[in-house]
Amino acid sequence: MTPKEIVKYLDEYVVGQRDAKKTIAIALRNRYRRMQLPKEWQDDILPKNILMIGPTGVGKTEIARRMAKMMKVPFVKVEASKYTEVGFVGRDVESMIRDLVNNSYNLVRAEMEERSKSQIEEEIINEITRKLIPPLPKNAPEEKLKDYEKTFEKMKEKVKKGEVDHLKITIEVDETNQLDDNLPPEMIKAQESIVKIIGIFNKNKEKKEVTVKEAKELLRKQAAEKFINKDELKKEALKRAENGIIFIDEIDKIAATGNTRQDPSKEGVQRDLLPIVEGSTVNTKYGYVNTDHILFIAAGAFHVSKPSDLIPELQGRFPLRVELQSLDEEALYQILTRPKHSLIKQYQKLLEVEGVNLVFEESALKEIAKYAFLANEKTEDIGARRLHTVVEKVLEDINFNAEEYKDKDFIIDEEYVKSKLEDIVENEEISKYIL
């Protein structure tokens, strides 16, 4: 997609923030341009990492999330405040790369399964049909064999159409051994070795009596194993991860502020983060990953600290700076109405389930935006997230008494919104607790 097309796509989900969208669109397009160049040039062109600065609830995370969905690239969102310096108990910064590789592995596996979908479905149907029709003895006469084949094909068709979904069969299912992916690779390998040894003794199989419908889902993973090349899967997953995107939120929380004593733990996390962002090789359970060409997008509100409070080396690794603006009344109104799956449309869909036709007058939507803006001004500014609280308060009664309005229109007008919110917003003390 061209930068203009990327911005147009993001406009469907995120209101305003044109500068941020433009910067990200250019960064993404440059990644595509780099991939078209000869190998010698590719190695030298490093991604320009982005630092997004702006208050909470203005669209930083949403832009990154939508962008990854659009690109279909491995993507992880992490909070910088969750990491601790090496030597402390907690998550180490390398675990974000392991998360990215796991994400990439699942993404590539899903694509491979999709490519072999018809073969996998055929394998599942055959397996279930074999359970429903016992096999013939090896020395059965030829006439019996022909009859069996006809019966098998008829039953297979029934299984395919879902006509025997209610019948129960006994199947063998591989027990899933949940391994902790965030341990160092050496410990993961030790875990896997123990699991394999245990598997030798108990064969790692579990018999279950389930319906045919349930069996179709339970046998899917086993059937997929036959059509997926594990070596190819690992190789492609590592390659994709090396060109993935990592969104580091709350980076301002690890910045040591100028007016306080330097916090060794915060600065330690920054120093641990530095080699990952600069480019290094990380060992994961699927193999080694080079982080040189991973695109890092960092974001933070920077209310207390500022970007210059980060260590200079880390600042230098985020050359693209973009500031996201606070949301005014008009922006909040646009957020309520414009996005593809806006908050108002979500509530209308939810109440449609109860047979209620929820209708918002234009003046009511403007009034909701006004009260959300006032609440943000009077208390802490939490951006568009304030709309969730305000709309929920407005619709509290209709949500509770929905069955009384079945097959009717419920109209929300300006007066109705005022009656629900005016007293709360005017009283600052109550507003702090309720909105």
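Every number here is computed from the coordinates shown, using simple stated rules; none is lab data. Source: prediction; values computed, not measured. Note that we place each Cβ from the backbone using ideal geometry, even for glycine, and neighbour counts take in every protein chain shown.
Quick notes
- Summed residue charge, Cβ within 13 Å of ASP19's Cβ, Lys/Arg positive, Asp/Glu negative: +4
- Inter-site label distance for MET35 and GLN348 at 7 Å from Cα along Cβ, in nm: 3.7
- The TYR148 and LYS72 beta-carbon pair, evaluated with R₀ = 51 Å, returns a calculated FRET efficiency of approximately 0.65.
- Stretchable slack from ILE311 to ARG65, in nm (0.36 nm times residue separation minus alpha-carbon distance): 85.9 nm
- 19 Å cut-off, amide nitrogen to a point 7 angstrom out along ASN357 Cα→Cβ, residues in the range 392-410: 398-399, 402-410
- When the listed pairs LYS266/LYS378; LYS82/LYS230; LYS82/LYS266 are checked against a 21 Å cut-off, the alpha-carbon distance exceeds it for LYS266/LYS378; LYS82/LYS230.
- Residues with amide H under 5 Å from that of PHE410, placed H, sequence gap 5 or more: ASN357, LEU358, VAL359
- Nearest-0.05 FRET efficiency for LYS82 and LYS138, computed from C-beta distance (R0 41 Å): 0.10
- Distances between placed amide hydrogens fall under 5 Å for LEU324 paired with ILE53, GLY54, all partners being 5 or more residues away or on another chain.
- Whole-number Å³ per residue for the convex hull built on Cα positions in the chain: 219
- Reducing the range 75-151 and the range 401-421 to their Cα centroids gives an inter-centroid distance of 47 Å.
- Alpha-carbon gyration tensor eigenvalues x 5, square-rooted, for the range 264-344, Å: 34, 20, 11
- Beta bridges per DSSP, both residues in the chain: antiparallel share near 30 percent.
- Per residue, the convex hull spanned by the Cα atoms of the range 329-425 measures out at 88 cubic angstrom.
- Debye equation applied to the C-alpha atoms of the range 64-155, log10 I(q)/I(0) at 0.20 Å⁻¹: -1.01
- Here LYS418 and GLU250 are evaluated by their C-beta separation; at R0 = 35 Å the FRET efficiency comes out at 0.45.
- Cut-off 20 Å, label 7 Å out along Cα→Cβ of ASN427, residues of the range 370-414 by amide N: 371-380, 389-397
- Taking the alpha carbon gyration tensor of the range 1-152, multiplying each eigenvalue by 5 and rooting it gives semi-axes of 50, 22, 18 Å, largest first.
- Highest-fluctuation residue, ALA402, ALA375, ALA364 considered, GNM on the chain with Cα pairs under 10 Å: ALA402
- Summed over qualifying helices (DSSP H, 4 residues or more, each -39500 (n - 2.57)) and divided by its residue number, the chain shows a 222 nm mean residue ellipticity of -17000 deg cm²/dmol.
- Local charge for VAL353 was computed over the other residues whose Cβ lies under 12 Å away, with Lys and Arg +1 and Asp and Glu -1, and equals -1.
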